[in-house]
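Written below as structure tokens is the structure these notes are about.
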Amino acid sequence: MMFDSHCHLNDEALYPRIDEVINDAKKTGVSKFLVVGYNKESSELAVKIASKYEECYAAIGFHPCDIFDISEEDFLSTMNLISNKKVVAIGEIGLDYHWEKEESRRNLQKEYFIRQIEFANEHHLPISIHNRESNEDCLNILKEHKPLFGGVMHCYSGSVEMLKTVLDLGLHISLGGPVTFTNAKTPKEVAEVVPLEKLLIETDCPYLTPHPHRGEKNEPKYICLVSEEIARLKDISKKHVDQVTYENACRLFNIHE
Ligand code: NI
């Protein structure tokens, strides 16, 4: 059994054929999916999917690139989706300095990140963190506004050195397609040293397709390539990686079934 802890079945690249996508994934052993929102529409759709499919859960929130020009009303109505029982996390939230270079706009990203961490804390939920080229500010915010119910650095792209700080904050890390890339030195080093009990796996589909399918649209059925590579790097069985990461995700997202 595998848990795809970060996927976008709510993306227009996958949603139109969602039944097929879920069935293909189940055939490879994926039995749970966290469908992650990034704005109002995608959060609503994540909740709709989670309500329809027993094996799907939802995360709601605003991605750092989607916080511009949103009304307070839209923000609040999106966060109100939390009343749905299948909402198990707030995400994806964080900072993205790759796409955002302007200081005032980066500051707005910080504001919404902090606001959503505090919202998660009030509602006793973990967070799914997006962090791109913003390590220092991201870690500072997480230190000052600790996610009290845990969280995961989704598609962790940091160094082995930074890993210690992340783990000290009580956070999990999640690895996806990049760990399989033939030229990916750092993600492979991270996979080797990260304690298995702090690790989740994900696809972030339709993005970050694992080797050897790069160039195709990613789907949860390809998550086995991620777990296979982690198993190889850690010199343990794939079954062990699947089982422990599955249990870690269930514990983090408070799923008891
Ligand atoms: Ni994502």
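Any read-out appearing in this document is the output of simple, stated calculations on the displayed coordinates, not a laboratory observation. Everything quoted here is computed from the prediction, not taken from an experiment. Counting neighbours? That spans all protein chains shown, and the Cβs are built from the backbone with ideal geometry, glycine included.
Descriptive notes on the structure:
- Set Asn39, Asn107: member being under 18 Å from the mean Cα position of the chain (by Cα) and farther than 24 Å from Asn254 by Cβ: Asn39
- Leu45 being within 30 Å of Glu144 (Cβ to Cβ), part of a helix (DSSP H, G or I) and of a type outside the set (D, E, K, R): no
- Any hit, segment 124-140, residues being in a helix (DSSP H, G or I), among the β-branched types (Val, Ile, Thr) and in contact with a His (Cβ under 7 Å, 6 or more places away or on another chain): no
- Those residues of segment 48-82 which are acidic (Asp, Glu) and in a helix (DSSP H, G or I), in sequence order: Asp66, Glu72, Glu73, Asp74
- Hits in segment 122-142 (condition: touching a residue at least 12 places away in the same chain (Cβ under 8 Å), more than 20 Å from Val194 (Cα to Cα) and either away from the ligand (no atom under 16 Å from the Cβ) or surrounded by fewer than 17 Cβ atoms within 10 Å (Cβ to Cβ) (or both)): His123, His124, Leu125, Glu133, Asp137, Ile141
- Of the residues making up segment 1-33, those that are within 16 Å of the ligand (Cβ to nearest atom) and touching a residue at least 24 places away in the same chain (Cβ under 8 Å) number 14.
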